[in-house]
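What follows draws every value from the coordinates through simple rules; no lab data is involved. Please read these numbers as outputs of a predicted model, since none were measured by experiment. Heads up, the Cβs are rebuilt from the backbone with ideal geometry, glycines too, and the neighbour counts pull from every protein chain shown.
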Amino acid sequence: MNQIKKIFAVALLSVVAISASAQSTEKDYKPFPHMFVGVQGGAQTTFTDYDQLKLITPTASVYFGGWFTPVVGARLHVNGIWNKGGYDQDGLNFKYNYKYITPDLDLMLNLCTLFGKKDWYPVNVYLIGGIGLNYAWDNDDAYARKDVMPLAWKDNRLSHNGRIGAQLDVNLAKHWSLNLEVAANSLSDRYNSKVNDKDDWSLTAQLGLTYKFGFKKNKKVVEPAPEPVFATRIDTTWYDDVTYKDVTADRDIKKEIFFAIRESDVNSEQAQIAQVAEFLKGVKDAEITITAYADKGTGTPELNMKYSQERAEKTKQALIDRGVDPSIIKKVEWKGDTVQPYADNDKNRVSIITGHGVYADKEKVVNKKFRTKEVRYQVQ
């Protein structure tokens with residue numbers, strides 16, 4: 001088997017090399033659109049829990065289609081005819097034969113012309129996807145063993161078939177090409193007389209020969225080129241000359257940290273603390289004030305004064321832990337419930353950070369300028 005594979009690989013590479021070196025894209029006909037018809041032969045297997053190598057069977061295909069553009073083609077593809085299944089459980093080991101035929105309508109995409117720069121190549125790779133039907137019959141071998149395979153079907157079985165595959169196509173001449181195609185086919189469960197609660201899959205690998213026809217000839221009209229006439233002109237190009245000047249402006253910030261009842265914890269990871277620290281990176285002559293409150297609706301005046309003091313001091317410490325220079329924090333005060341900054345009672349459990357500073361920025365200055373260039377051009 002390995003020797004056969006090596007011989008096949010060498011033969012295929014030889015054909016590719018000969019085709020690539022012998023052919024030219026300068027043809028007297030248009031490569032696209034055109035029609036094609038062909039035959040294929042190879043091997044296939046249906047995936048199951050049996051020894052996969054023992055289920056390989058010969059298969060054959062015929063097809064007819066056309067390439068409508070250098071990238072897109074379609075075909076009607078009919079594949080069959082032999083298949084095998086296997087059973088290996090509870091000390092029993094046997095194989096069974098059945099037959100099938102699968103007509104599919106396939107869409108073909110030429111990956112070489114899709115991603116290449118030319119409309120024609122001597123060697124091409126096609127991506128193939130299709131959908132069709134699978135008709136299977138002659139399952140007597142499996143049906144005779146219904147004692148151990150109760151789901152084996154009788155007479156015939158019709159199911160869907162979805163296909164995805166790839167084909168290497170080598171042009172041998174104007175009308176002939178050789179191809180190697182590998183395709184995976186998805187069929188309904190019980191196709192192989194077993195159930196695994198998902199689609200059954202089969203794999204085909206085939207070598208094929210394609211005959212191409214329906215080309216259109218290229219019409220080549222050669223006209224003498226006129227003698228070129230040149231002239232010169234002065235082109236003026238306007239552009240924006242952009243500069244920047246330094247400017248300063250005042251900047252203010254206000255952040256509120258709200259608390260639940262009887263809570264005063266603040267940490268340096270809170271968004272408001274981080275935003276204040278970020279604000280201070282871009283300003284100079286900065287000053288920060290922290291004022292904390294407690295709501296009048298809960299607690300006593302003494303207790304509320306204590307909570308507001310804790311909120312103010314912990315807010316200050318969180319800023320310092322975040323990297324804020326303590327000298328920037330000019331004022332820290334707490335007012336308990338003597339002042340209620342908000343009409344909503346619950347919002348008065350709050351620590352308010354206010355800040356001010358001067359930041360430097362760049363102001364864009366745009367001046368219109370132009371440049372000239374002498375251009376030599378051909379007069380039509």
Fill in the blank from the handout: In order over the range 360-366: 3J(HN,Hα) from phi, Karplus 6.51/-1.76/1.60, θ = phi - 60°, whole Hz, x for each Gly or Pro, gives 9, 9, 10, 9, 6, 10, 10
Completion exercise
The correct pair for the chain, radius of gyration to one decimal and Dmax as a whole number, both in Å and from Cα atoms, is 40.6, 105
Handout entry: Exceeding the 18 Å Cα-Cα cut-off - candidates K117/K219; K54/K84; K281/K331; K255/K330; K255/K347
Key = K117/K219; K281/K331
Completion exercise
One would report the Cα pair-distance distribution of the range 26-217, bin width 5 Å, in %, as 1, 8, 15, 19, 16, 11, 9, 7, 6, 4, 2, 1, 0, 0
Practice task
Mind pulling the angle between the C-alpha long axis of helix 301-321 and the longest principal axis of the chain? Nearest 10 degrees, somewhere in 0 to 90.
Solution key: 60
Handout entry: Among beta bridges that DSSP assigns inside the chain, antiparallel share in %, nearest 5
Key = 95
Exercise for the section: Taking each pair of different alpha-carbon atoms in the range 50-119 once, compute 1/r for the pair, average those values, and report the inverse of that mean as the Kirkwood hydrodynamic radius in Å to one decimal. Expected result: 15.2
Practice task
Pairs of Cα atoms under 8 Å, at least six residues apart: use those to get the relative contact order of the chain, whole percent.
Solution key: 15
Fill in the blank from the handout: Rounded to two decimals, the Debye log10 I(q)/I(0) of the range 183-305 (Cα scatterers, no solvent) at q = 0.12, 0.15, 0.23 Å⁻¹ is -0.82, -1.10, -1.36
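Largest first and in whole Å, what are the equivalent-ellipsoid semi-axes of the range 241-365 based on the Cα gyration tensor, each being the root of 5 times an eigenvalue?
Value: 34, 14, 11 Å, ordered largest first.
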Exercise for the section: Select from M305, M35, M149 the residue whose mean-square fluctuation is largest in a Gaussian network model of the chain (Cα-Cα springs shorter than 10 Å). Expected result: M305
Exercise for the section: Taking the chain as the reference, fit the longest principal axis to its C-alpha atoms, fit the long axis of helix 2-22 to the helix C-alpha atoms, and give the angle between the two in degrees, 0 to 90, nearest 10. Expected result: 80
Fill in the blank from the handout: Taking R0 as 51 Å and r as the Cβ-Cβ distance between E363 and L105, the FRET efficiency 1/(1 + (r/R0)^6), rounded to the nearest 0.05, comes to 0.20
Handout entry: Integer Hz, Karplus 6.51/-1.76/1.60 couplings in order for the range 152-163, x for Gly and Pro
Key = 5, 8, 10, 6, 7, 8, 10, 9, 6, 9, x, 10
Practice task
With 28 Å as the limit, write out which pairs from K99/K212; K284/K364; K99/K174; K146/K198 have Cα-Cα distances beyond it, or answer none.
Solution key: K99/K212; K99/K174
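May I ask you to compute the full-extension gain from I131 to H175, defined as 0.36 nm times their residue separation minus their alpha-carbon distance, rounded to one decimal in nm?
Details: separation 44, 0.36 × 44 = 15.84 nm, distance 2.77 nm.
Extra length from I131 to H175 when fully extended: 13.1 nm.
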Exercise for the section: Over the alpha-carbon set of the range 106-167, divide Rg by the Kirkwood Rh and report the Rg/Rh ratio to two decimals. Expected result: 1.33
Exercise for the section: Calculate the dipole size of the chain relative to its Cα centre from +1 charges on Lys and Arg beta carbons and -1 charges on Asp and Glu beta carbons; express the result in debye to the nearest 20. Expected result: 1580
Completion exercise
Restricting to aspartates and glutamates and to Cα separations under 18 Å from K194, and discarding same-chain partners fewer than 8 apart, the set is D49, D51, D88, D90, D138, D140, D141, D147, D155
Practice task
Please build a GNM for the chain, connecting alpha carbons under 10 Å apart, and tell me which residue among K335, K95, K118 fluctuates the most.
Solution key: K335
Problem - Folded to 0 to 90 degrees: helix 271-281 orientation relative to the chain principal axis, Cα - result: 80
